[in-house]
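Visitor: Below is a structure I'd like to ask you about.
The values are calculated or read from the model by the stated rules, or taken from the named source; none is laboratory data. Treat the numbers as computed from the prediction; the structure is a model and nothing was measured. Cβ placement follows ideal geometry from the backbone for every residue including glycine, while neighbour counts extend to all protein chains displayed. Calculation scope for accessible area: heavy atoms of the full protein, side chains included, ligands and nucleic acids excluded. Shrake-Rupley method; radii C 1.70, N 1.55, O 1.52, S 1.80 Å.
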Amino acid sequence: MKFSDFMAVDAIRSNVSASSKEGVIREMAAALVDAGKIAAGDLESIVRAIMKREDLGSTGIGRGVAVPHTKHPSVDRLVGTVAVSHEGIGFDSLDGEPVQLFFLLVSPPDRPGDHLRALENISRQLRDESFCGELKAAQTPVDIQRLLVEADGHGVAS
Amino acid sequence: MASHLEQPSVSSERDEATMQEKFTREVVVGMQQGLHARPADQLAREARKWQSRIELVAKSQRVDGKSILEVLTLAAESGTRLVVEATGPDAREAINAIGRLFEQNFNEFGSTESGLHESGLHDSGSHSSGAGQPAPAPESTG
């Protein structure tokens, strides 16, 4: 799976204003609403579901990266977006470090395989530290989009 | 759906390069959702408790069990067979601990043998809607 298979380009944010875990999740989910990927009426429910998942264990996986996600019946295909916080946000990460780079995923409950393959793609790409660093330094959504497109080109499609 | 509790087949040998004891065990991903972020986190946390090197081996991949990022690159769906390898001074204890996580399906809701389902979805066993197949059907592609 490639980034282009699930990333909502119009929902990419290069400099979030939020400074809290819930804040950044809400901002990213709202960006998905603005991009027409999720319905405005589902926003609260999706944010709550993602926070509930975070309560089970932070999705801050280290290296300044978090992958907040949930399954939600309102979507019929996997949707995701990327956001960057240059300041970094406390996310109860595994390594205790603040998070600058966020990948948010909302997937249909009956498609666990797609969710796994999206996580696989994200984690595989993030092993490349320069990719990770360039994303965190991105100044505009277009920069981020370009990096994702480049990564799709490098990666071996699975 | 039948739970597949298999006898854990642990084997041991000496790693030729380091002369350290190496334990190997096959495990099956029993969680309906596969080895996703939460179990991958649990696995990496458990693995980091041990001195031994811990690796997971899939069809064509070998990853560091102590790294959640690496574990996630397996994208191991329900039913996937993996081999866990532990090499080092506490390899035996490590492999038992990791094996237990798989046996207990990482204490996950909606594992294959669990009777309680959350709500909404009722997968009645055999509907064939493409990607999300709940039955543990190990693929035999080489």
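Visitor: Can you name the residue in segment B:76-102 that is open to solvent by less than 30 Å² (accessible area, probe 1.4 Å) and part of a strand (DSSP E or B) and, of all such residues, is nearest to residue A:103 (Cα to Cα)?
Guide: Kept after step one, since they are open to solvent by less than 30 Å² (accessible area, probe 1.4 Å), are these residues of segment B:76-102: B:76, B:78-79, B:82, B:84-88, B:90-91, B:94-95, B:97-99, B:101-102.
Checking the rest, the ones that are also part of a strand (DSSP E or B) come to B:82, B:84-87.
Details: B:82: 27, B:84: 29, B:85: 31, B:86: 32, B:87: 34 Å.
Here the answer is B:82.
Visitor: Would you please name the residue that is farthest from the other protein chains (Cβ to nearest Cβ), looking only at residues in segment B:42-75 that are in a loop (DSSP other than H, G, I, E, B) and closer than 20 Å to residue A:95 by Cα? Give the derivation first.
Guide: From segment B:42-75, those in a loop (DSSP other than H, G, I, E, B) are B:49-52, B:58-61, B:65-67, B:73-75; that's our starting set.
Next, from what is left, pick out any that are closer than 20 Å to residue A:95 by Cα: B:49-51, B:65-67, B:73.
Working: B:49: 14, B:50: 17, B:51: 19, B:65: 14, B:66: 11, B:67: 8, B:73: 5 Å.
So, considering only residues that are in a loop (DSSP other than H, G, I, E, B) and closer than 20 Å to residue A:95 by Cα, the one farthest from the other protein chains (Cβ to nearest Cβ) is B:51.
Visitor: Next up: In segment A:116-150, how many are part of a helix (DSSP H, G or I), away from every other protein chain (no Cβ under 14 Å) and of a type outside the set (Ser, Thr, Tyr)? Quick ask: steps written out before the conclusion?
Guide: If we filter segment A:116-150 for residues that are part of a helix (DSSP H, G or I), which is where we start, we get A:116-126, A:129-137, A:141-150.
From what is left, the residues that are away from every other protein chain (no Cβ under 14 Å) are A:130, A:133-137, A:141-150.
Keeping just the survivors that are of a type outside the set (Ser, Thr, Tyr) gives A:133-137, A:141-150.
Residues in segment A:116-150 being part of a helix (DSSP H, G or I), away from every other protein chain (no Cβ under 14 Å) and of a type outside the set (Ser, Thr, Tyr): 15 in total.
Yes or no, residue by residue, for (1) among the hydrophobic types (A, V, I, L, M, F, W, C); (2) under 16 Å from the mean Cα position of the chain (by Cα):
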{"site": "A:73", "(1), (2)": "no, no"}
{"site": "A:76", "(1), (2)": "no, no"}
{"site": "A:100", "(1), (2)": "no, yes"}
{"site": "A:109", "(1), (2)": "no, no"}
{"site": "A:123", "(1), (2)": "no, yes"}
{"site": "A:149", "(1), (2)": "yes, yes"}
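Visitor: In segment B:37-55, which residues are surrounded by fewer than 23 Cβ atoms within 10 Å (Cβ to Cβ), free of Cβ contacts under 8 Å to residues at least 60 places away in the same chain and either closer than 19 Å to residue A:113 by Cβ or of a type in the set (Asp, Glu) (or both)?
Guide: Selection gives B:41, B:46, B:55.
The rows are residues; the columns are (1) in contact (Cβ under 8 Å) with a residue 24 or more places away in the chain; (2) more than 14 Å from the chain's Cα centre (by Cα); (3) assigned to a strand (DSSP E or B).
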| position | (1), (2), (3) |
| --- | --- |
| A:43 | no, yes, no |
| A:49 | no, yes, no |
| A:58 | yes, no, no |
| A:95 | yes, yes, no |
| A:114 | yes, yes, no |
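Visitor: In segment A:81-103, is there at least one residue being of a type in the set (Asp, Glu), open to solvent by less than 60 Å² (accessible area, probe 1.4 Å) and over 18 Å from residue A:141 (Cα atoms)?
Guide: Narrowing segment A:81-103 to residues of a type in the set (Asp, Glu): A:87, A:92, A:95, A:97.
Next cut, open to solvent by less than 60 Å² (accessible area, probe 1.4 Å) only: none.
Within segment A:81-103, none of the residues are of a type in the set (Asp, Glu), open to solvent by less than 60 Å² (accessible area, probe 1.4 Å) and over 18 Å from residue A:141 (Cα atoms).
Visitor: Filtering segment A:63-90 down to residues that are in a loop (DSSP other than H, G, I, E, B) and away from every other protein chain (no Cβ under 13 Å), which residue is farthest from residue A:30 (Cα to Cα)?
Guide: First pass over segment A:63-90, keeping only residues in a loop (DSSP other than H, G, I, E, B): A:63-64, A:67-68, A:72-78, A:90.
Remaining after also requiring away from every other protein chain (no Cβ under 13 Å): A:75, A:90.
Working: A:75: 15, A:90: 20 Å.
The selected residue is A:90.
Visitor: Quick one: in segment A:4-20, of everything that is under 20 Å from residue A:107 (Cα atoms) and aliphatic (A, V, I, L, M), which residue is most open to solvent (accessible area, probe 1.4 Å)?
Guide: Step by step, filter segment A:4-20, then rank; the result is A:9.
Visitor: Would you check which residues across segment A:34-75 are under 16 Å from residue A:90 (Cα atoms) and either among the basic types (Lys, Arg) or open to solvent by 70 Å² or more (accessible area, probe 1.4 Å) (or both) and list them?
Guide: A:55, A:63
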